[in-house]
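Notes for the one structure printed next.
The values are calculated or read from the model by the stated rules, or taken from the named source; none is laboratory data. From a predicted model like this one, the values you see are computed outputs, not experimental measurements. Counting neighbours? That spans all protein chains shown, and the Cβs are built from the backbone with ideal geometry, glycine included. Surface accessibility is based on the protein's heavy atoms, side chains included, excluding ligands, DNA and RNA. Shrake-Rupley method; radii C 1.70, N 1.55, O 1.52, S 1.80 Å.
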Amino acid sequence: MTRVIDTNVPLVTKLNEGHSQELVDACEEILAQILEDALTVATDAGGEIVEEYMHQLSLSGQPSLGDEFVKYVHDRRFSWDEATRPDIEPHLVEEHRYGVLQGDGVEDIDPSDRKFVATAKVADVPVVQGTDTKWLDWGPVLDIHGVRVIYAHESSIRDSYREKFGREAP
């Protein structure tokens, strides 16, 4: 199944200190399945997602599974169906603004995460999220835009949310 993969999923496999073993294992399992089954990963036509991957992971494909994942996506993205590299219509002047992502609630979404949301919306695929607790708060806005989220290990992210905000996540 094609998915958008948030950068924190491969990062958890590279920088796993401070994360629960269950979360690390879940992120590794997701990436291993993508690599082993040669699954398609949705990225944006402008390359913003891949660029973010490459800022934090190694295009050499080593030493971590996260690095191997980034090399895999980088090397194959143009061989996959164009629909998995949608034009999210980046604004020509304002960073983190996309023509496909307009309307109520968009301002609530972290600017650096909007490219993932916009890509998932246009490609009509879910986003896989590893550690970013803010996504739990964005449910109503994501629903408006038809964006689904798969949490790598939902109980870990909910535990982190509880620790961070002192309350249960929505």
(request) May I ask you to list pairs of residues, at least six apart or on different chains, whose Cβ atoms are under 7 Å apart, with the first in the stretch 20-35 being closer than 16 Å to T133 by Cβ and the second being surrounded by 20 or more Cβ atoms within 10 Å (Cβ to Cβ) and of a type in the set (V, I, T)? (result) L23/V12; C27/V9; C27/V12; C27/T13
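Within 16 Å of G47 (Cβ to Cβ) and either of a type outside the set (A, V, I, L, M, F, W, C) or surrounded by fewer than 21 Cβ atoms within 10 Å (Cβ to Cβ) (or both): is that true of D75 in this structure? Step through it out loud before you land on a result.
Numbers: within 16 Å of G47 (Cβ to Cβ): yes; either of a type outside the set (A, V, I, L, M, F, W, C) or surrounded by fewer than 21 Cβ atoms within 10 Å (Cβ to Cβ) (or both): yes.
Spelling it out, D75 is indeed within 16 Å of G47 (Cβ to Cβ) and either of a type outside the set (A, V, I, L, M, F, W, C) or surrounded by fewer than 21 Cβ atoms within 10 Å (Cβ to Cβ) (or both).
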(message) Tell me yes or no: at least one residue of the stretch 99-119 is buried (at least 22 other Cβ atoms within 10 Å of the Cβ) and touching a Cys at 6+ places or on another chain (Cβ under 8 Å).
(response) no
(message) Can you tell me which residue is least open to solvent (accessible area, probe 1.4 Å) among those in the stretch 120-164 that are within 15 Å of the chain's Cα centre (by Cα) and acidic (D, E)?
(response) D132
(request) Select from the stretch 29-49 the residues that are of a type in the set (S, T, N, Q) and within 14 Å of V4 (Cβ to Cβ) and list them in ascending order. (result) T40, T43
(message) Pairs please, first residue from the stretch 113-127 and outside any helix (DSSP H, G or I), second anywhere and among the basic types (K, R), Cβ atoms under 6 Å, 6+ apart in sequence or on different chains.
(response) V125/R3; P126/R3; P126/R148
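Residues are listed down the side, and each one gets a yes or a no for (1) hydroxyl-bearing (S, T, Y); (2) closer than 26 Å to R114 by Cβ; (3) touching a His at 6+ places or on another chain (Cβ under 6 Å); (4) loosely packed, with under 15 Cβ neighbours inside 10 Å:
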| site | (1), (2), (3), (4) |
| --- | --- |
| E22 | no, no, yes, yes |
| C27 | no, yes, no, no |
| L31 | no, yes, no, no |
| E36 | no, no, no, yes |
| Y53 | yes, yes, no, no |
| Q56 | no, yes, no, no |
| K71 | no, yes, no, no |
| P90 | no, yes, no, no |
| H96 | no, yes, no, no |
(request) Of the conditions (1) touching a Ser or Thr at 6+ places or on another chain (Cβ under 6 Å); (2) open to solvent by 20 Å² or more (accessible area, probe 1.4 Å); (3) touching a residue at least 40 places away in the same chain (Cβ under 8 Å); (4) in a helix (DSSP H, G or I), A83 clears all except one; give me its number. (result) (1)
(request) Report the residue count in the stretch 2-20 for those that are open to solvent by 10 Å² or more (accessible area, probe 1.4 Å), of a type in the set (A, V, I, L, M) and under 12 Å from the mean Cα position of the chain (by Cα). (result) 1
